[in-house]
Amino acid sequence: MCRSIKTLRPPTTPEVTDEDIRAAALQYVRKVSGFRAPAAHNREVFDQTVEAVAAATQVLLDGLQIRGSAARRHTHS
C-alpha cells in the first residue's frame, strides 16, 4: 500500500497540491493502522491522524532545501 505513495518534493514532482499531500497521509495512516476504512468508533482518531500527518508533510516539504533547484514550485490548493 505505501509503495503507491509518490515522491512529493521538487524536482521529482514539480507541483504538489494539498490533495497530493492528503492522499499520501491517508495511505500512510491506512498502512500503519491496518484499516482501509475505520469503524465508527475509530473514525475521529483516524481522521485527526490523517490531518496531523498531512500537516507534518507540509512542514517537511516547506523546509526542504533542494540543491540545484530554483524556488520551490509546490502549490497550496
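Here are some notes:
- As computed over region 12-51, the Cα convex hull volume per residue (Å³): 66
- Surface composition of region 1-52: carbon and sulfur make up 54 percent of the accessible area, probe 1.4 Å.
The values are calculated or read from the model by the stated rules, or taken from the named source; none is laboratory data. Not measured: the values here are computed from a predicted model. Please note that ligands, DNA and RNA were not included when accessible areas were found on the heavy atoms of the full protein model with its side chains. Shrake-Rupley method; radii C 1.70, N 1.55, O 1.52, S 1.80 Å.
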